[in-house]
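S.K.: The structure under discussion is supplied below as structure tokens; questions concerning it will follow.
Nothing in this text is a laboratory measurement; each read-out follows from the coordinates by a stated rule. Computed from a prediction, not measured in an experiment: that's the story for all the values here. All Cβ positions, even for glycine, are placed from backbone atoms using ideal geometry, and neighbour counts span all protein chains on display.
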């Protein structure tokens, strides 16, 4: 019996040593999947807390621990250091560490291994819109009294589960809006991939300035000497560069690794090889849009001027006062994914595109550029425009449940149910924002189609 007792004792010691070893591994050198999960938690708690003023623990519970989230995320905690402007996420409250840091005007950046956070210049504070002036110049809204529109906006089947904001604009005026509990007209909300279209517009502003051209090639030094050197700005805008990139958000893929583990996102994307012929291979890719951000920023001789350009050339002129475009550690704007703005400001951007880049007597985009953006990208099979826009060909059969969208409809589309839908022939823009995983089967375009049915086509 004494021998058995010694064996049990040593087995317990071995188990304890093994357990301590596993805990040490998870704490000091967590696997990439766990590190990515901690970075996700830190990043979103940081951004929504410091940009939108939401309670950190509410963000953790409702956004990070969402029912459809990866199981790892449900075991994460997050602590805010208000004076330092940082958020630290840990596994079970004590293992590992994911850190995100807030910088005024720039939102939050995930602090990953591989280098320090770039020092960024102070951005001038945005000029707030006059709350007494009529939208879009100001924030005063006179909503429609149409009961048919009210019925649409009050129908949860159309606005969808997890809805946080809906705004309907007709003929340049907001005629209806609805907000989820805890959200309002001035709450900045993440647009996810709707940011891609904004990046295309920023490229357009520099095309108009003569600092970029759509047929420009030789875009990165690392591409010199191979077939990637022939890729043009237009190829990237049309998602037709042929570059390899895995856009699956399920686990640790190219897109999740780039967004939450890489300090230099553009360098990560630029390192991808060709997976198909340039101009003939459509591949939807957040990496592609980050490359476009790096390209337009590099068009400036002064990096500080580039960082101020979104506010100077786009957000400021059209009154997107709430907009915050976040950069990575190197200082490249994450123009694929990380733009926060209120629903009304997303609607302002939709109005800019509806009016061919013209705003309140001023041309923001070159003449015809917005029209060019929604021309069919030949390699996309009818789904995508030349300028990071979605077209009706992207809708699956039955997606509209019998409703019909105007033929000229195009839209910005983001992860988890974000849409800004533009219907020029009806003088309509419809914005829908929320937290709605695709697994729920909700189709935001049914909302846009239902609104479109209320308005006849406008003679041109």
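S.K.: Sorting 97, 272, 43 on the 10 Å Cβ count, fewest up front, what's the list?
M.R.: Ascending number of Cβ neighbours within 10 Å: 97, 272, 43.
S.K.: Rounded, prolate or oblate, given the Cα gyration tensor of segment 52-183, with a/c below 1.5 counting as rounded?
M.R.: Judged from the Cα gyration tensor, segment 52-183 comes out oblate (a/c at least 1.5, b/c at or above a/b).
S.K.: Using a ≥ b ≥ c from the Cα gyration tensor of segment 32-111 (square roots of the eigenvalues), is it rounded, prolate or oblate, where a/c under 1.5 gives rounded and otherwise the larger of a/b and b/c decides, a/b for prolate?
M.R.: The shape class here is prolate.
S.K.: Specify whether the C-alpha gyration tensor of segment 214-282 places it in the rounded, prolate or oblate class, a ≥ b ≥ c being the square roots of the eigenvalues: rounded for a/c under 1.5, otherwise prolate if a/b is larger than b/c and oblate if not.
M.R.: Since a/c reaches 1.5 and a/b is larger than b/c, the shape of segment 214-282 is classed as prolate.
S.K.: Sticking with this one: Would you work out the relative contact order for segment 43-113, in percent, from Cα pairs under 8 angstrom that are 6 or more residues apart?
M.R.: 28
S.K.: Within a 10 angstrom radius of the beta carbon, how do 397, 139 rank from fewest other beta carbons to most? Before the final figure, lay out each step's value.
M.R.: Working: 397 5, 139 20.
Result, fewest neighbours first: 397, 139.
S.K.: While we're on this one: List the relative contact order of the chain as a percent without decimals, with contacts defined as Cα pairs under 8 Å and 6+ residues apart.
M.R.: RCO, the chain: 16 percent.
S.K.: Using alpha carbon centroids, what distance separates segment 165-203 and segment 222-243, in Å?
M.R.: Between the Cα centres of segment 165-203 and segment 222-243 lies a distance of 32 Å.
S.K.: Now, a different point. Using Cα atoms only, what is the angle between the long axis of helix 343-354 and the major principal axis of the chain, expressed in degrees (0 to 90) to the nearest 10?
M.R.: Relative to the chain, helix 343-354 is tipped by roughly 50 degrees.
S.K.: Follow-up. If I take every Cα pair under 8 Å that is 6 or more residues apart in segment 337-382, average their sequence separation and divide by the length, what percent do I get for the relative contact order?
M.R.: After rounding, I find 22 percent.
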